[in-house]
Amino acid sequence: MFISGFTIIRNAVSNDYPILEAIRSILPMVDEMIVLVGDSSDATLALIESIQDEKIKIHHSIWDTANSKGGSILAVETNKALKFVDPKSDWLFYIQGDEMIHEKYHAAILKACREYKDDLRVEGLLFKYLHFYGTYDYVGDSRTWYAHEVRIIRNDKNIQAYRDAQGFRKGNEKLQVKPVDAYVYHYGWVKSPESMQQKRKNVAGFWQPDSGIENEPDFFDFNQFDSLEKFTGTHPAVMHERIANKNFHVELDIQKKKFSFKDKLLYRFEKMTGIRLFDFKNYRLLK
């Protein structure tokens, strides 16, 4: 079995992406790691080169930011990265620049890859998600955050990134997937208020060029959440140093819930049953 990891990154330093940790979190599971480095205005390339692992294969790209809408540039770049994977790969493991896999899930992920390798019905593996917010101590537990997404796909040239590269499709068809008992740890919303707002301003044009965010204050108000819960688990080992070096403080009152009446009912139903009603699923679960 051969597994190719792949990711895209641009301006990782100025936007404070934990890309080194992201790559290192899946490196033990993959046979090669494709890193497509965009035309950055900071030291992103040197940062990637600092990993110095023989599995790392760096490629370069120029982002056409003038023609980005709805985050489509991220799918364009992700599809570019797909072209560099080894043709003999059985599976392709996608990780974004602010995502991690805890080492405690490595065995389960590799087991699933082996189990479904020859079952061609299975086009991808579906992961659960933890979305950290504000600090490393809280995760979003409302419908605001997507609960699942595909992060391992079969090496099929017809499978491409979808919309803003949150997931994948085969042509216009949703992928047929099997769930894997593993979480993706998403840290995209853990930064200082100043860094968070600067990152939002830097990437806003990828989704909505006329968002007006440049007129907002220079710090992000992390109190803009509907519901959070305390995180009581452990973080991936690759994140320990970054967490230890955290130099900002965000105070959040997670007892406050900010729901409409409809969302409050849906939230309570999900908490009681574990079922998220009316949830958009960019995949089809195989029986």
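What follows draws every value from the coordinates through simple rules; no lab data is involved. Everything quoted here is computed from the prediction, not taken from an experiment. Methodologically, a virtual Cβ is constructed for each residue, glycine included, from the backbone with ideal geometry; neighbour enumeration extends over all protein chains shown.
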**Message:** Give the residue list of trypsin sites (Lys or Arg not before Pro) in the range 1-95 that are DSSP loop and have at most 11 other beta-carbon atoms within 10 angstrom.
**Reply:** Lys83, Lys88
**Request:** Take the cross-link list Lys157/Lys178; Lys178/Lys258; Lys201/Lys271; Lys170/Lys201 and give me the ones stretching past 27 Å between alpha-carbons.
**Result:** Lys178/Lys258; Lys201/Lys271; Lys170/Lys201
**Item:** Out-of-range pairs (alpha-carbon distance over 24 Å; input Lys128/Lys191; Lys55/Lys287; Lys83/Lys117)
**Value:** Lys55/Lys287
**Message:** Please identify the DSSP H helices in the chain that span no less than 20 Å along the helix axis (Cα) and have a mean Kyte-Doolittle hydropathy of -1.0 or more.
**Reply:** none
**Prompt:** Which chymotrypsin sites (Phe, Trp or Tyr not before Pro) does the range 210-287 hold that lie in a coil by DSSP with at most 11 other beta carbons within 10 Å?
**Reply:** Phe278, Phe280
**Message:** Multiplying the sequence separation of Ala237 and Thr273 by 0.36 nm and subtracting their Cα-Cα distance, what value in nm do you get?
**Reply:** 9.8 nm
**Reachable aspartates and glutamates, given that their alpha-carbon falls under 19 Å from the alpha-carbon of Lys257 and they are not under 8 places away in the same chain** = Asp137, Asp141, Asp221, Asp226, Glu229, Glu270
**Message:** Only bridges whose two residues both fall in the chain count here: according to DSSP, what percent of them are antiparallel, nearest 5?
**Reply:** 45 percent
**Prompt:** Which shape class, rounded, prolate or oblate, goes with the range 31-121 when its Cα gyration tensor gives a ≥ b ≥ c as root eigenvalues, a/c under 1.5 marks rounded, and past that a/b bigger than b/c marks prolate?
**Reply:** prolate
**Percent breakdown of C-alpha pair distances by 5 Å bin, ordered from the shortest bin, for the range 165-207** = 5, 14, 15, 17, 15, 13, 14, 7, 0
**Message:** Counting other C-beta atoms within 10 Å, and keeping those with at most 15, which DSSP coil trypsin sites (Lys or Arg not before Pro) do you find in the range 89-141?
**Reply:** Lys117, Arg121
